[in-house]
Amino acid sequence: MGSVKDYFSSLGSGLASLVKGMQITGKEFITPKITEKYPEDRETVKVPERFRAVLTLKYDEEGRHKCIACGICQRNCPNDTITITSKMVDMPDGKKKRKLDKYVYDLGSCTFCQLCVTTCPQDALEFSNDFEQAVFTREKLVKQLNYLPEKEEPAPSPEELAKAAAEREAKIAAAKAAAEASATDVNTENKEN
Ligand code: SF4
Ligand code: SF4
């Protein structure tokens, strides 16, 4: 008799379990999906703006970046992920200026800590959310970020040219004065001896 009672008892708990399971299945069936059918939905997939996929230089609408090759991001990177080379170029006003030659970034060793972005004094860097970065070899993860051809510097204004000329004149005058003062000192010493 006991076994018949146990039979119906376990049948009842089995049915209750089945109903509960079907309830959960039914609920999930009508809940909006949060997973993406990638790559089928590549055209419509939404990646959050703040997702850090790859480091990039910010370019303005004229194709200029703001990097001055100061090297602060390179020094702050804990992983040696950034290698910057610079060059000295002659400016239209006759001065020399340090400019970025190559900004090389190794995505394969980046930890996305964003120290480079937050410490850049020029606000020249940002992370793109372009997450499709898969490649077949590690070498292809090394990217040159200043990939656009370098734009010419805007021509200096007449005021800037006049200021640069005045600075040059002042430097020449100071150098002459220092040389004359030094020659006078030598003459005085010779006479005393
Ligand atoms: S990206 Fe910023 S911190 Fe790095 S070298 Fe350029 S200006 Fe300096
Ligand atoms: S995010 Fe961090 S690890 Fe990556 S390049 Fe910038 S400082 Fe280096």
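The stretch between C70 and T85 holds 4.4 nm of extra length on full extension. This uses 0.36 nm per residue minus the Cα-Cα distance.
Using packing as a proxy for protection, rank 86-92, 39-45, 104-110, 115-121 so that the peptide with the highest average count of other Cβ atoms within 10 Å comes first.
Numbers: 86-92: 12.0, 39-45: 9.3, 104-110: 17.9, 115-121: 15.7.
Sorting 86-92, 39-45, 104-110, 115-121 by mean packing, highest first, produces 104-110, 115-121, 86-92, 39-45.
The trypsin sites (Lys or Arg not before Pro) of the stretch 121-163 that meet both conditions, a loop assignment by DSSP and at most 12 other Cβ atoms within 10 Å of the site Cβ, are K151. The label-point distance for E160 and D101, in a model that sets each label 7 Å from Cα toward Cβ, rounds to 2.4 nm. Each stretch of four or more DSSP H residues adds -39500 (n - 2.57); spread over every residue of the chain, this sum gives -13000 deg cm²/dmol at 222 nm. Return the lysines within reach of K33: Cα separation strictly under 17 angstrom, same-chain partners fewer than 8 residues apart disregarded; answer none if there are no such residues. Hits, sequence-local ones excluded: K46. Relative to the longest principal axis of the C-alpha atoms of the chain, give the angle of the C-alpha long axis of helix 2-30, reported between 0 and 90° and rounded to the nearest 10°. Tilt of helix 2-30: around 40 degrees. With R₀ fixed at 25 Å, the C-beta to C-beta distance from E28 to V4 puts the FRET efficiency at about 0.10. In this simple spin-label model, placing a label point 7 Å from the Cα along the Cα-to-Cβ direction at both T188 and S17 gives a separation of 10.8 nm. At a Cβ-Cβ separation cutoff of 4.7 angstrom, cysteine residues of the chain with no neighbouring cysteine are C67, C70, C77, C110, C113, C120.
Straight Cα distances below 19 angstrom link K66 to the aspartates and glutamates D90, D101, D123, E126, E150, E152, E153, with same-chain residues fewer than 8 positions distant left out.
Quick one: which of 59-65, 24-30 comes out on top by average Cβ neighbours within 10 Å, and what's the full order, highest first? List each step's numbers first, then the result.
Working: 59-65: 12.0, 24-30: 8.6.
Order by mean packing, descending: 59-65, 24-30.
Figure legend: label point modelled 7 angstrom from the Cα of T118 along Cα→Cβ; residues of the stretch 38-57 with amide N under 15 Å from it are 52. Remark: the stretch 100-111, residue by residue, has Karplus-estimated 3J(HN,Hα) of 5, 9, 9, 10, 9, 10, 9, 4, x, 10, 7, 9 Hz, where x stands for each Gly or Pro and the curve is 6.51 cos²θ - 1.76 cosθ + 1.60 at θ = phi - 60°.
None of the figures in this text is laboratory data; all of them are computed from the coordinates on show. The shown structure was predicted, so the numbers you read here are calculated from the model rather than taken from an experiment. Neighbour counts run over all protein chains shown; Cβ positions are idealised from the backbone, glycine included.
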